[in-house]
Every structure is written in C-alpha cells, then in structure tokens.
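Accompanying notes for the structure given below.
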Amino acid sequence: MDSIGLLLSGAALFLNGLMLLGKANDKNVGVFNLFVGVFQMIAPFYLIIVSNQTNWVLYEKAAIFLFGLTYLYVGVTVIKGMEGTGLGYYSLWVSILALVYMTIAFTRYGDVVNGLTWLLWAFLWFLFYFINTQERDITEYVGKVAVVQSWITLTIPALFNLTGVWGAEGLYYMWIAVLSVAILYFIYLGYKLFFNERRVLMK
C-alpha cells in the first residue's frame, strides 16, 4: 500500500506541476488532489492499525500524513479559490520535518537514496511555501521542479517497488546518480532564473 500511495502521489504532483506551468485546469487538478489526499489519509491509519505500532513504524507511517494533508490542502485551496498563505506556512512546517526525515535516513538507516529523496521533498515544500507567501513570482520554476520530482522521487520508485526490482544494488547506485543530477539541474534552473532577473533589473 505504501508503493500505491507513492504512485498516486506521483500523479498528483505531476498534475500540480502542470497546473503551475499553466498546462492544466486548476479546479480539475484540485479535485484529483482531494482524491489522492483522502487515500493518503486513510492508508496510513490502516497501515498503523495492522502494524506492531513501535515508535519507528509510527514514525515511518506519519510521513504519509504529510503528503495526504498537503494534497487535501492544495485541493481545497484551489477549488475554493482561497488565499494560499495558510498552505504556504504549512508547507514551511513540513519542509522542516522533511529535513528531520532526511537526517534520520542518512544517520540511522544509512540510506542515501532515501536521504536525497527527503532533501528534494524538503526543497519542494519550501518552494510551495515561497510561492504562497512571497511576492516574487517563481511559479514556472516550481512547476518544473514539481514535474521532475513527480517522476524521479515518486512515480518511478513506486513502479520499481511494485515490480520487485527496487532492491537491486546496481539500481540503487544508479538512482543516487539520478537524484544527484536532478539536484544539479534544479540549481542550474535557479541560477538561470536569478541571472535573468538581475539582467532585467540592470537594464
């Protein structure tokens, strides 16, 4: 069920990215966010009930709620046409928690892929905070980041899990490279955005 949740999260994030890029209708995407958000709220409750409910199991399942509440919040905000500051500050809170998950992944589990994935998610949630609370328009940049992350951190890893190939050692190291290249790509896009804005201001 965790992998199914990741797969659906990938779809929602992909649509959210397209929405930010102006390629998908806001309210249509908002409805899909509600569908995924409800699933991502029900699934962890079930997984917790059937688990041994140790602290680390609860810690892992709690992460699903972060996604579920985000998608529900996005869906309601978009459909109702609400101001996004509440969503923005919630995203800031989640981005801080994501850094905690990243640290635990590196230090407790020694899992580089999971650590880099949480780093990317922390960055994305921070961008959601930024576009909903700050006046500077970086919507296109956030849309591109969301689309790329929807595939490399959610959709494709979920498919690997569902097909039983995720544990392969070669694939693990390949995915470290994929995530590292994505980080460099986001830095490059951010530099281009900053450089272009500076050039406009200097004219």
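The values are calculated or read from the model by the stated rules, or taken from the named source; none is laboratory data. Everything numeric here is computed off the predicted structure, so don't read it as measured data. Here Cβ is always computed from backbone atoms with ideal geometry, including for glycine, and neighbour counts include all displayed protein chains. Protein only, heavy atoms only, side chains kept; ligands, DNA and RNA dropped before computing areas. Shrake-Rupley method; radii C 1.70, N 1.55, O 1.52, S 1.80 Å.
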Connecting C-alpha atoms closer than 10 Å in a GNM of the chain, tell me which of Leu120, Leu159, Leu72 has the biggest fluctuation. Leu159
Using only Cα atoms, tell me the angle between helix 2-20 and the longest principal axis of the chain; keep it within 0 to 90° and round to the nearest 10. 10 degrees
At a probe radius of 1.4 Å, what is the per-residue accessible area of Leu13, in Å² to the nearest 10? 10 Å²
Percent of Cα-Cα pairs per 10 Å bin, from 0 to the last occupied bin, for the stretch 54-153, please list those. 15, 45, 30, 9, 1
Pairwise Cα inverse-distance average, inverted: Kirkwood Rh of the chain (Å): 17.6 Å
Please provide three numbers in whole Å: the alpha-carbon extents of the stretch 99-140 along the principal axes, with the largest listed first. 39, 17, 8
In whole Hz, what ³J(HN,Hα) sequence does the stretch 63-70 give by Karplus (6.51, -1.76, 1.60; θ = phi - 60°), x for Gly and Pro? 4, 5, 4, 4, 5, x, 5, 4
Ignoring ligands and nucleic acids, Met174 exposes an accessible area, probe 1.4 Å, in Å² to the nearest 10, of 90 Å²
Rounded to two decimals, what ratio of Rg to Rh does the stretch 120-163 give with C-alpha atoms and a Kirkwood Rh? 1.12
In degrees, nearest ten, helix 26-49 long axis to first principal axis of the chain (Cα): 20 degrees
Net charge near Lys23, counting Lys/Arg +1 and Asp/Glu -1 over other residues with Cβ under 15 Å of its Cβ? 0
Neighbourhood net charge (15 Å Cβ-Cβ; Lys/Arg +1, Asp/Glu -1) for Met82: 0
